[in-house]
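This report refers to the structure that appears directly beneath it.
The values are calculated or read from the model by the stated rules, or taken from the named source; none is laboratory data. All values reported here derive from a predicted model rather than from experimental measurement. Please note: Cβ atoms are built from the backbone with ideal geometry, for glycine as well, and neighbour counts cover all protein chains shown. The accessibility values were calculated without ligands, DNA or RNA, using every heavy atom of the protein model including side chains. Shrake-Rupley method; radii C 1.70, N 1.55, O 1.52, S 1.80 Å.
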Amino acid sequence: MAMRELVTGGAACAVPGSSSSSNPLGALANALIGSSSKEKIKEIPTSVPTSSERHFFADNDDHLGALDRSFVESNDQGSDFLRGFRSAGQGELSAAWDDIQRSQAPLPPQGRGSQTLIPELDRIYDRASLTRPQQPILDGPPQRVLSSFLHSFVDSSRGGVPFRPIPLPILGLSEGDKQCIRDRSSIMARHFFADKSEDFINAQVNALLCSLDIDGDVRAKGPLPGRFRELEDYWNESQDSLKHGAHAADEWVAEFNQQRTEHGDADAWAHSFEQQHGAIGWASEFEQLTSVDHMRGANISNFAAMEQTRMLANTLAQNDDPKFQNSKFLQFLSKMSRGELIIDDNQVKETALPASGDWAAEYRQQYNRSSAWADEFVSHGSDQWVNEFTTEQEQHGPVDDQWVNEFSKLHVQDWAEEFGRQVGEGALEEDSADNWASAYDEYLNEQVAAKNRSDTSRGLYVFSDMNPYVGHPNPLKEGQELFRKGLLSEAVLALEAEVLKNPDIAEGWRLLGIAHAENDDDQQAIAAMMRAQEADPTNLEVLLALGVSHTNELEQAAALKYLYGWLRHHPKYGTLVSPELSDSLYYADVARLFNEAAQMSPDDADVHIVLGVLYNLSREYDKAIASFQTALKLKPHDYSLWNKLGATQANSVQSADAILAYQKALDLKPNYVRAWANMGISYANQGMYVDSICYYVRALAMNPKADNAWQYLRISLSCASRNDMLEACDSRNLDILQKEFPL
Amino acid sequence: MVESSSKQLKSDALMDQMKLHLASDAGKELTKKINLVYQINIAPKKIGFDEVAYVVDLKKGEVSKGSYEGGKPDATFSFKDEDFVKVALGKMNPQIAFMRGAMKIKGSLSAAQKFTPDIFPKPSKM
């Protein structure tokens, strides 16, 4: 494949009489990574084209059309290298190479396909190789000089050393080449120096451009006339051919336009990316240096993220406060804007800059990926790409949407400016830099936690890793016994062993769900109860428990569905239900039915309990409290009922009463984690943070997996000015916390 | 009241509780301490779409539905329903929410800095 040969310095690409660095892309690559890895680059397979590559070139004429024409037409002085590259078909390309090699022996690669350029280039070629032989980096053909020169720029960037202009021989760069270099170097510099000021970046870039005799301003920012018109046409086409994806495509176009108009760099970035989407060279180096993630649709969001963080980092970097300058937050932003950190699927991932030894492998990977991307983008036809983008968006839904949306809707720049201005005015208080910095640590922790929890949030039950009850002869009986003794976390393990053995046992799942609810873990409770309901769809206790847990999680529609299910499946009250109701539930209808049921049998505590839950759902707390009090007269020893009463009182800001009710529950069941945690909440809501801390710690000592309590504990610690204990909280060190906050 | 179960926001429950909370002693302390007006726009699915505006007036100690009519709020936040709940319950801190793009802020930054999870009362669980 010709493109690969270009990069790898394969036979068709070699220029007689010169070394391997005569290939401009390979030379540049070598220059960037040092000569030691030359061999590795050659290891890239050159003979077997992948199917995606074949598509890319075979369909070149049809699908590249819009982009290609725009490129070629609008940029008459543009790189002949690229033009020739694109105008040729698959077979023609290698034939053309052969031709050219036969007729134009010492041809510099850029000149391929352009007769007019050749004499001049020959002249430059000769002169370049003859002049300044004493300076090794400026020796050799223009492309070698160029790559050495760019290499030194990259090196100086890594060292943070100001780059000085260097006199160079005339390199014979075309306007298009110049523009490429100008655009890319401004972008790269912004990524290298995300933590430096804009002035510094401009100075660096100007030094580079000055040496190359490139005008730093002309057309550096604005699109070439015609190009974006073509691109928009292209997008419009793809939208037309894809009605159901129109919305997503709309957003993309909007985002693109916004990027174009709002952000000079992003504009240049998009534009140069567009220019290079197929050919790799600089593009892949740039990618490699910035992000090793693949260049797919969803990844646009990472560019957005990088762009946003870059701007934030820039503004924040102008704050002189050394504390702020050294903050991890700023480092984080800076890292993110350089692409060393990316947000993927809402998780922060580190993309370690590849060591030069890994370069070849990285390069190959990158190469395949970027051609795959180009393939998707162009060769398969626009609609497929848009399709992919759409489905990807649908699949990842809210997660990927976040960054993309944010970028198109949030007016990031306004924010960055606003932020910068206010920071400049000293709006941030003394400790706010620390806040931001610690947010970074917490952010990463949270990512890990979120990953561990992501299964539960999808309604899947998450089993404990180590379970001593696996292999127990009768784990259900053991679990029931442990539950009765109030050893909730132990009971959970035994019951997990049971349901692992008998996945369809409703009682095992039900009790597991109850144990989790009492252990203050509604997500796991819901997951277990869903399995219980699968096994036994009409179990009233399960339906009630699901109604309660969903009410706790503020999921009103789901809660209403299960409470209604309770009534429908009740042997006595099921007759009250009219069948047409079940499709669209209205709260008022369900409440009316339960009131009828309560009139039917006023001595049935269960009806009053469900009614109480229902009133919680509608936040009619006085009615809910009355219902629970009625039920308690019938069932005074039901600890969970006392807790329900307490929670309702607490939510209606009757905290003193709530604490009495919780105390009743705890008298009946001392290991009732939920009631302990609720105690903490009531104290915290009254502003009695130190008391709340003691209760949270007590709850956590019984169930260290109660995430809510950990979160609330953290808030109470900050509010009680006990920041000294935050570390113990974050590392979940209960020994320290229990010693510090005994109850 | 729950009118139609499908149009409910989780945030409604928290806002209702906040309303009650501001009438309590602890709520009055909070008003004294913060003394700012926040407007919070909550969208069911996507920021900017079908937003419901709430004003949490920590000067007067009131929560009301609809945009602020007493001038310009000190800070305006935009959230998705889910994300507001996460922030109000301390599951996600506001800085992180901002970094993620889950929270959009307009207005004074120092006012926004005082918007912390502890100003919202936590719901108790049945």
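Computed from Cα atoms alone, the Kirkwood hydrodynamic radius reported for region A:668-743 is 11.8 Å. Across the cross-link table entries A:K705/B:K19; A:K705/B:K65; A:K644/B:K10; A:K561/A:K644, which are compared at the Cα atoms, the separations over 25 Å belong to A:K705/B:K19; A:K705/B:K65.
Convex hull volume per residue, computed on the Cα atoms of chain B, equals 111 Å³. A viscosity of 1.306 mPa s and a temperature of 10 °C, combined with the Kirkwood radius over C-alpha pairs in the Stokes-Einstein formula, give region A:457-536 a diffusion coefficient of 133 µm²/s. Chains B and A: how much accessible area gets covered up at their contact, both sides added, probe 1.4 Å, in Å² to the nearest hundred? Approximately 5400 Å² gets buried when B meets A. Contact order for chain B, expressed relative to its length and based on alpha carbon pairs under 8 Å spaced 6+ residues apart, stands at 24 percent.
Are there chymotrypsin sites (Phe, Trp or Tyr not before Pro) in region B:26-109 that DSSP puts in a loop and that have at most 15 other Cβ atoms within 10 Å, and which ones?
When the chymotrypsin sites (Phe, Trp or Tyr not before Pro) of region B:26-109 are filtered for loop state and at most 15 Cβ neighbours within 10 Å, B:F49 remain.
If a helix is a whole DSSP H run, which ones in chain B reach 18 Å or further along their own axis (Cα) and hold a mean Kyte-Doolittle hydropathy of at least -1.0? Span-like helices in chain B: B:10-23. Counting, for every residue in B:86-97, the Cβ atoms of other protein chains within 10 Å of its Cβ and taking the mean gives 5. Remark: spin-label model distance A:E481-A:N723 equals 5.1 nm, labels positioned 7 Å along the Cα→Cβ axis. Stretching A:N202 away from A:V470 to a fully extended chain increases their span by 90.0 nm, per 0.36 nm per residue minus the current alpha-carbon distance.
So with the 1.4 Å probe, I'd like the accessible area per residue for region B:10-112, rounded to whole Å².
40
Taking beta carbons within 10 Å but only from partner chains, what does the mean come to for residues A:541-554?
Details: counts 0, 0, 0, 0, 0, 0, 1, 2, 2, 0, 4, 4, 4, 12.
Mean shielding by partner chains, rounded to a whole number: 2.
Would you mind checking the pairs A:K633/A:K664; A:K477/A:K501; A:K501/A:K669 and listing those with alpha carbons more than 23 angstrom apart? Those over the limit are A:K501/A:K669. Within region B:11-120, the GluC sites (Glu not before Pro) that combine a DSSP coil assignment with at most 12 other C-beta atoms in a 10 angstrom radius are B:E69. Accessible surface of A:K664, taken over heavy atoms with a 1.4 Å probe and every protein chain present, rounds to 100 Å².
Neighbouring Cβ atoms from other chains, within 10 Å of the Cβ of residues in B:109-121, number 5 on average. Across region A:525-532, computed HN-Hα scalar couplings (Karplus, 6.51 cos²θ - 1.76 cosθ + 1.60, θ = phi - 60°) run 4, 5, 4, 5, 5, 4, 5, 4 Hz from first to last residue, x flagging Gly and Pro. Based on the Cβ-Cβ distance from B:A53 to A:L576, what FRET efficiency comes out when R0 is 45 Å, to the nearest 0.05? Computed FRET efficiency for B:A53 and A:L576 comes out at 0.70. For region A:457-536, the relative contact order works out to 30 percent when only alpha carbon pairs closer than 8 Å and six or more residues apart are counted.
Considering only alpha-carbon pairs that sit under 8 angstrom and 6 or more positions apart, the relative contact order computed for region A:509-597 is 20 percent.
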